[in-house]
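Let me begin by presenting the structure, written as structure tokens, before commenting on it.
The values are calculated or read from the model by the stated rules, or taken from the named source; none is laboratory data. Quick caveat, the model's predicted, so the values are computed rather than measured. All Cβ positions, even for glycine, are placed from backbone atoms using ideal geometry, and neighbour counts span all protein chains on display. With ligands, DNA and RNA removed, areas are computed over all heavy atoms of the protein, side chains included. Shrake-Rupley method; radii C 1.70, N 1.55, O 1.52, S 1.80 Å.
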Amino acid sequence: MAGPHPAVAAVRLAVRRGLAGLPPGALVLAACSGGADSLALAAALAFEGPRRGLRCGGITIDHGLQAGSAEQARRVTAVLAQLGLDPVRAVCVTVPRPGPGGAYRGPEAAARTARYAALEQAALDQAPGPAAVILLGHTLDDQAETVLLGLARGSGSRALAGMAPASGRYLRPLLGIRRAQTRAACAALGLAPWDDPHNSDPAYTRVRVRRALLPVLEEQLGPGVAEALARTARQLRADADLLDELAAAAAAAIADGQPGLPARVLAAEPAAIRTRLLRGAALAAGAPAGALTQEHVTQLDALVTGWHGQRGVDLPGRIRCQRRCGRLLFAHSSTC
């Protein structure tokens, strides 16, 4: 008997490896938009999960950003149920619009924030207990695009490390699978993926990277650019993870029970550790992670290494950092 199509086998193997270590009876949810990547992921979960004694369900998020989104969500849940996933659920979210405070970074980031909040709540709402894992359908191509976007924005090593294969309850088993493979898998399985119009709209930066920049790089530099970018992300992730651990140890060591951070102690830390401490302090004070840029952290660092009495630094989320009495103090401000 002939085996499955090579693309189907590759996606199933990736999911099988991702599920390794989960206890029998654990609930795994596939987040599915109906696109080729997440649809191939859901099909692979429906095949592999029960063979490992896992409960397997699916969830789709209706962002309400385009006409017919509710009907599309209903179609996705129907397909997920036909694959044999149970429970299956559609969740409607409200994507925030621009507002005061400088924290809004565009519709893509706002939709992402709303989506992850809904996924997390859906995982917690499951009975008899929370879902152990949510599978996300990001592929090698998505990883390459993320690295290029980070380079273009002058981001630090954490951003260039791309998306983590595992983060909390979220797993991304397809980071080694190409987008062409997920489409081929869907075709082989007789599944008709939905092509989100937003994924072809050049108004979105990621779409321009996908449709214009990456093809030009492949044309000028030769094939394998996406794979090379994904390898770079894996290598940087190991470095960034170690630096984050060292920064966490440094944060515990300098904690003295007083507000803010001692500038003199910060100045003695290596730059890679110091900037992580500053970013962590800004986030803890309420600056939104998606809006806090490397430039903000550089300005904070200047309060430590280039202090000349400057007024302070305004951060997203109406947070202001000032140096007073040798300490960096973070507080909400109505004038940011």
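Helices in the chain that qualify as membrane-span-like (whole DSSP H runs, Cα extent of at least 27 Å along the helix axis, mean Kyte-Doolittle hydropathy of -1.0 or higher) are 225-254. Solvent exposure of region 1-132, expressed per residue, is 48 Å² of accessible area, with all protein chains present and a 1.4 angstrom probe. What number does region 1-110 give for Rg over Rh if you use C-alpha atoms and the Kirkwood radius? My calculation of the ratio gives 1.08.
Counting every C-alpha pair in region 72-189, the share spaced more than 23 angstrom apart comes to 46%. Summary of packing: across the peptides 172-181, 304-313, the per-residue average of other C-beta atoms within 10 Å ranks them, highest first, as 172-181, 304-313. Compute log10 of I(q)/I(0) for region 216-336 with the Debye formula, placing one identical point scatterer on every Cα and leaving out solvent, at q = 0.19 Å⁻¹, to two decimals. Taking Cα atoms of region 216-336 as identical point scatterers yields -0.99.
Give the shape of region 1-59 as rounded, prolate or oblate, defined through the alpha-carbon gyration tensor: a ≥ b ≥ c are the square roots of its eigenvalues, a/c under 1.5 means rounded, and otherwise the shape is prolate if a/b is larger than b/c and oblate if not. In terms of gyration-tensor shape, oblate. For the chain, the carbon plus sulfur part of the accessible surface works out to 56%, probe radius 1.4 Å. In percent, rounded to a whole number, the relative contact order of the chain is 17, using alpha-carbon pairs under 8 Å and six or more apart.
Ligands, DNA and RNA excluded, the heavy atoms of S155 present near 40 Å² of accessible surface to a 1.4 Å solvent probe.
Evaluated at q = 0.17 Å⁻¹, the base-10 log of the normalised Debye intensity for region 297-336, with identical point scatterers placed on the Cα atoms, takes the values -0.39. Eigenvalues of the alpha-carbon gyration tensor of the chain, scaled by 5 and square-rooted, set the equivalent ellipsoid semi-axes at 39, 22, 21 angstrom, largest first.
Distant-in-sequence amide contacts of Y170, defined by a placed amide H-H separation under 5 Å and a gap of 5 or more residues or a different chain, comprise I134.
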